[in-house]
Amino acid sequence: MSEAGRLILLGAPLGNPADASARLREVLASADVVAAEDTRRLNRLARDLDITVGGRIVSYFEGNEERRTPELVEVILGGYTVALVTDGGMPSVSDPGYRLVRAALDAGAPVTVAPGPSAVTTALAVSGLPCDRFCFEGFLPRTPGARRSRLRALAAEERTLVFFEAPHRIGAALTDLAETFGADRPAALCRELTKTYEEVLRRPLGELARWAADGDPRGEITLVVAGAPVTAVERPDDDTLRAAVAEREAAGLSRRDAITEVATEYALRRRDVYTIVHS
């Protein structure tokens, strides 16, 4: 038993055991309880890493997390260390974990992390698409209507988008993406990242949709889609800018706030708008 109980989230390899950190090995060997999304995969990982999981192993997946969460919180409050590991990547990121993290924090238990691989950032880095600003959307809705509705809401998003998708749904998802975002929107389909048959297809959405329709995609898929093109805002003349600031002042904003708001709306420097207003 540890001196103080805590929850440790473990970033597990996406597929290549060599990506496991030294800290992951240490925690798996020393934790009092290891909660695993799939206990068989955990045991296989331990064999690949040539380590022995020292504590009790329990399953923790979508089907039992509601029931098992309070049990694990009680273990932590009893002074024991619980490690949470999923099949790959970081717990809580489209994987079991959020419910346990929230419950542990609400109970006043310490929560920490041994960071590791993430399919989201790995796919972004290898996609060749802008990744200074991005939006992670996880899995799209399963039903066609709900999926298309979600995509319509995202069509104007200017940040790069990252999705997870199941192989048997990727064809329909790509077809809907091409119809909603445009067939020419750049994208990268990342399949089986870090594994033997890793594949990254960097093509427009329309081409990826045809690829999926002609083949039989398999494995774990992360899809990276370029954001919507930024629409340039035409710069108004000086009189229009002065009028826009005056209108906001009349509505109750201070001159400073009015200038800031107008500068933001037209993608101008605040200093330039200030100079125009006071000239």
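The values are calculated or read from the model by the stated rules, or taken from the named source; none is laboratory data. Given the structure is predicted, the values throughout are model-derived calculations rather than measurements. Quick reminder, even Gly has a Cβ in these numbers, built from the backbone with ideal geometry, and neighbours come from all protein chains shown. These area figures cover heavy atoms from the full protein model, side chains too; ligands, DNA and RNA do not enter into them. Shrake-Rupley method; radii C 1.70, N 1.55, O 1.52, S 1.80 Å.
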Mind checking which pairs have a first residue in the range 116-132 that is more than 12 Å from Leu223 (Cα to Cα) and a second that is assigned to a loop (DSSP other than H, G, I, E, B) and of a type in the set (Gly, Ala, Ser), Cβ under 6 Å, 6 or more apart or different chains? Gly116/Gly11; Gly116/Ser21; Pro117/Gly11
Counting only residues that are surrounded by 15 or more Cβ atoms within 10 Å (Cβ to Cβ), touching a Pro at 6+ places or on another chain (Cβ under 9 Å) and closer than 19 Å to Pro229 by Cα, how many does the range 151-181 have? 4
Hey, among Asp257, Asp184, which residue is modelled with pLDDT of 95 or more, over 23 Å from Thr121 (Cβ atoms) and open to solvent by 60 Å² or more (accessible area, probe 1.4 Å)? Asp184
Being among the aliphatic types (A, V, I, L, M) and either touching a residue at least 60 places away in the same chain (Cβ under 8 Å) or open to solvent by 10 Å² or more (accessible area, probe 1.4 Å) (or both) is the filter here; which residues of the range 188-211 pass it? Ala188, Leu193, Val200, Leu201, Ala209
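If you go through the range 218-226 one residue at a time, do you hit one that is more than 30 Å from Arg191 (Cβ to Cβ) and surrounded by 12 or more Cβ atoms within 10 Å (Cβ to Cβ)? Full working, then the answer.
Here is the first cut: in the range 218-226, the ones more than 30 Å from Arg191 (Cβ to Cβ) are none.
No: zero hits.
Could you tell me whether the range 230-249 includes any residue that is within 30 Å of Gly145 (Cβ to Cβ) and modelled with pLDDT under 95?
Our first condition is that a residue be within 30 Å of Gly145 (Cβ to Cβ); within the range 230-249, this holds for 230-231.
Going one step further and asking which of them are modelled with pLDDT under 95, we end up with 230-231.
Scanning the range 230-249 turns up at least one residue that is within 30 Å of Gly145 (Cβ to Cβ) and modelled with pLDDT under 95.
Look at Arg6 and say whether it is closer than 20 Å to Tyr98 by Cα, open to solvent by 30 Å² or more (accessible area, probe 1.4 Å) and touching a Ser or Thr at 6+ places or on another chain (Cβ under 7 Å).
Numbers: closer than 20 Å to Tyr98 by Cα: yes; open to solvent by 30 Å² or more (accessible area, probe 1.4 Å): yes; touching a Ser or Thr at 6+ places or on another chain (Cβ under 7 Å): yes.
Spelling it out, Arg6 is indeed closer than 20 Å to Tyr98 by Cα, open to solvent by 30 Å² or more (accessible area, probe 1.4 Å) and touching a Ser or Thr at 6+ places or on another chain (Cβ under 7 Å).
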Output the qualifying pairs, or none if there are none: Cβ atoms under 7 angstrom, residues six or more apart or on different chains, first residue in the range 264-279 and part of a helix (DSSP H, G or I), second residue acidic (Asp, Glu). Ile276/Asp238
Within the range 134-145, restricting attention to residues that are under 15 Å from Phe163 (Cα atoms) and out of contact with any Asp or Glu (no Cβ under 8 Å at 6 or more places or on another chain), which residue is surrounded by the most Cβ atoms within 10 Å (Cβ to Cβ)? Phe134
